[in-house]
Amino acid sequence: RKYAEVIKCEELRETWETAFGKEFGGLAQGDDRTGQKGTDTVIILDPEQIKDIPADRVVTYASIATDYRESKDDPNRVRITAGGNLIDYPGELTTRTADLQTTKIMWNSVVSTPGARYCCFDISSFYLGTPLDRYEYMKIPLRIFPEHVKQQYNLNARAYKGQVYLEIRRSIWGLPQAGILSNKLLKERLAPHGYYECEHTPGLWRHETRPIAFTLVVDDFGIKYTDKADAEHLYNCINEHYTVKADWEGKMYCGITLDWNYDKRTVTLSMPGYVEKMLTNFNHPEPKKPQDSPHPAPPRKFGAAAQDTIDEDNSTPLDPAQKRRIQQIVGSGLYYGRAIDNTILVALGSLASEQANPTENTAKRANQLLDYLATHPDAKIQFRASDMHLNIHSDASYLSEPRARSRIAGVHFLGSIPEDHKPIIINGFVHVVSNILKCVVASAAEAELGGLFHNCKEATVLRLTLEELGHPQPPTPVHCDNTTATGIANDTVKKHRSRSMEKNYFWVTDQVKRKHFDVRHHPGKENLADYPSKNHDASHHRDVRPWMLHIESVSPITLPRAQMPSTLRGCVGTLEDGYLRHAPLPRIPRRKRAGSRNDSRTSP
C-alpha cells in the first residue's frame, strides 16, 4: 500500500514512520532512530544548489510504498522508488537475468547429477552500492517525512517550495539504468575469480575450472555444486563487495519454495500461500461449491458444425475499474501459472486475449478462474533424476478461440530418448506452451504445423541452455498426433497444397534435416499436449490434473497403475508402473468433449 495511506492510521503511524526513516537513512546518511547506516546514495540539495541541476535532466518524483515481508528480519518494509518513466537515459537498459525455463533446467540438473547440491545466495541492497555514470534527480514532498527525519536532516530549512530535492549518485529502485549498471559491476568483480556468464543463456553463470554453476535473477543466486568448497569460494568472492545472505538448504528461490530429497533425487516446487494472497487482494469469496474447471468449455458441436467458429461475445463491456481488475487477475496468475500450476494457462490465455475489451462474460470467466484456484490452491510440480534429454509433445486445436483463431500447445520435459516398446518416465514439465496463433490458419494440419514450429523454436533455446550447462543434446524427440504436419516436417509428403501455409512454419523441416529434432507421429492418447491446447469440461480436468501436476498418492508418475484411482486408470491406458508405454496400444474409446477440433484422440 502507499505510505501516505498507511500513516493515516494512528495505531500504525509510528511503526511505518520508523520504517520510512530506516529506508531513507539507508539511502542518505543514516537514521539516528534505528541506527541504520547510510550509503550516500542520495544527497539532499540546498535551495541554492537546485539551479545547478543539468538542463538535460528531469527531476522525477518518488513512489513510496509499504509491504509486510514475513520472511525478513524486519518485516515492516518501506520502499522509496524513483519514477523511472520520466528519466530519459541514453544508454543500454536491458539487463540479462535468468528466466523460469533456465532455472527449472538448473533444478533438473541438480537432481540428475550424482552428488550435486543446491543453495541460494541473496545480496542485500544490491542496487544501492552501484555508482551511476551520471547523476539523476528526484523530489519528495516535505510533508511526507516523519518529524524525526526532518529534525535530523534540518529539512524544514532545506526544502524548496514544499519539496525536498535529492541528487541520486548511486543506483536506487526505479531507475531504468539501475539493473544493467549493477549487473555490469557484478561481472567486473567476479571475472577475476574465474566466473563468467554463458554466451547464449542470459543469467546462467559457470566457472572456468570449478564444477559450479548458478542462475542469477537480479540479486538472487541459485547455485548448483558438487563440492561445498566451490560454493564457499563463490560466497567469499561476493562477500568481498556485498553483504550476502546464504541459504545453504536452498529452500526458496524467486518466490518458489523448493523441497529437496537428495536420497530419492527429487525436488518438489510450490508457492504456498500465493493463491490465498491473490484471492484476498481481489476480495474473492470462497466458492459455494468446488470448481474443477478454470474456464468454461465451448458448447459441444457434432458433424460439420464442429468446424464452425466460436460465436462473438456481445455482452455488456466493463467499466475501466472492472477492466483493470481483469488485467490484474491475468498478471497475478501468470507467474503462478508459468512457475507451478500449468493447468490455468489456457484460461489465462483466453482472458488475456479479451483484457483489452473485456465484457461481463469476461468477468464471469475471471471469477470462475478464481473459484478454480480457491478449490485447488497450493499446486506442486516435481522434477526427478533423468538423462537430461529434452522431450516435446506438440498439439494444436483448430478454431478453438474467438475470431476464427487456433491455439497451439506443447509440453517440454527432461527424460530419456524414447525407444519403441520401452517405457519412458514422465518428468515434471520445464516449459508448457499454450498460445493463440496470431494468424488465422486454413486447416487443422496448418494449426498442427504451427504448433510444431512454435514448440521447436522454444526448444531451440532450451537446447542451448542444456548444452551450456553441460548436457549435450541428441536430436530432440517431438510427438505430434497429426500425420500431415509430421509428413511436412519430415519432408515425406508432396508439398503442393501445403505451399499455401504460413511459410515460417516450414522452418521445422530444415531443423529436422539438421538433426536438431526428430518429429514422429503418435496417437493423441499418448500426447500430453492435448490438455493445454483447449478448454475442457470439469470431468476431464479432474482426470488429467494429476498428470500435469504433482499430487501426492495420485499422480501417475509416482504410483503403480494398480494403485491409481479407477477414474484415473481409465484414461491412462498407456501407463504401466508409472511409465508411459511408447508403443502401439489398443485404442482407448474416444471421449467426446468440448473443443475437440482436430484429429487427436483422447489425451492422457
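The values are calculated or read from the model by the stated rules, or taken from the named source; none is laboratory data. Computed from a prediction, not measured in an experiment: that's the story for all the values here. Counting neighbours? That spans all protein chains shown, and the Cβs are built from the backbone with ideal geometry, glycine included. The area values use the complete protein model at the heavy-atom level, side chains included, leaving out ligands, DNA and RNA. Shrake-Rupley method; radii C 1.70, N 1.55, O 1.52, S 1.80 Å.
Applying the criterion of at least 1 residues that are among the charged types (D, E, K, R) and either free of Cβ contacts under 8 Å to residues at least 12 places away in the same chain or surrounded by fewer than 19 Cβ atoms within 10 Å (Cβ to Cβ) (or both) to the helices (runs of 4 or more DSSP H) found wholly in segment 70-182 leaves 147-153, 155-158. The set of residues in segment 197-231 being closer than 14 Å to residue 122 by Cα and either in contact with an Asp or Glu (Cβ under 7 Å, 6 or more places away or on another chain) or open to solvent by 80 Å² or more (accessible area, probe 1.4 Å) (or both) consists of 219, 220.
Within segment 89-99, does at least one residue satisfy the condition of being touching a helix residue (DSSP H, G or I) at 6+ places or on another chain (Cβ under 7 Å), of a type in the set (S, T, N, Q) and within 20 Å of residue 253 (Cα to Cα)? Yes, that holds for at least one residue. Taking the conditions (1) surrounded by fewer than 22 Cβ atoms within 10 Å (Cβ to Cβ); (2) under 18 Å from residue 527 (Cα atoms); (3) in contact with a Phe, Trp or Tyr (Cβ under 9 Å, 6 or more places away or on another chain) in turn, residue 413 satisfies each one other than (1).
Can you tell me which residue within segment 495-505, out of those that are outside any helix (DSSP H, G or I) and free of Cβ contacts under 8 Å to residues at least 60 places away in the same chain, is least open to solvent (accessible area, probe 1.4 Å)? Per the stated criteria, the residue is 495.
Whenever a residue of segment 312-332 is in contact (Cβ under 8 Å) with a residue 40 or more places away in the chain and closer than 18 Å to residue 295 by Cβ, its partners that are basic (Lys, Arg) and open to solvent by 50 Å² or more (accessible area, probe 1.4 Å), lying with C-beta atoms within less than 8 angstrom and at least six residues away or across chains, give the pairs 312/403.
Conditions (1) hydrophobic (A, V, I, L, M, F, W, C); (2) modelled with pLDDT of 50 or more; (3) not in a loop (DSSP other than H, G, I, E, B), marked per residue:
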| residue | (1), (2), (3) |
| --- | --- |
| 493 | yes, yes, no |
| 507 | yes, yes, yes |
| 530 | no, yes, yes |
| 541 | no, yes, yes |
| 545 | no, yes, yes |
| 568 | yes, no, yes |
| 573 | no, no, no |
| 586 | no, no, no |
| 593 | no, no, no |
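Take the residues in segment 329-377 that are among the acidic types (Asp, Glu) and open to solvent by less than 40 Å² (accessible area, probe 1.4 Å), then tell me which one is farthest from residue 268 (Cα to Cα). So the residue we want is 354.
Can we say residue 457 is in a loop (DSSP other than H, G, I, E, B) and surrounded by fewer than 20 Cβ atoms within 10 Å (Cβ to Cβ)? When the stated conditions are applied, residue 457 does not pass them. Name the single residue, out of those in segment 51-69 being open to solvent by less than 80 Å² (accessible area, probe 1.4 Å) and closer than 30 Å to residue 255 by Cα, that is farthest from the chain's Cα centre (by Cα). Checked segment 51-69; the qualifying residue farthest from the chain's Cα centre (by Cα) is 62.
All conditions in (1) open to solvent by 20 Å² or more (accessible area, probe 1.4 Å); (2) touching a strand residue (DSSP E or B) at 6+ places or on another chain (Cβ under 8 Å); (3) not polar (S, T, N, Q) hold for residue 12, with the sole exception of (2).
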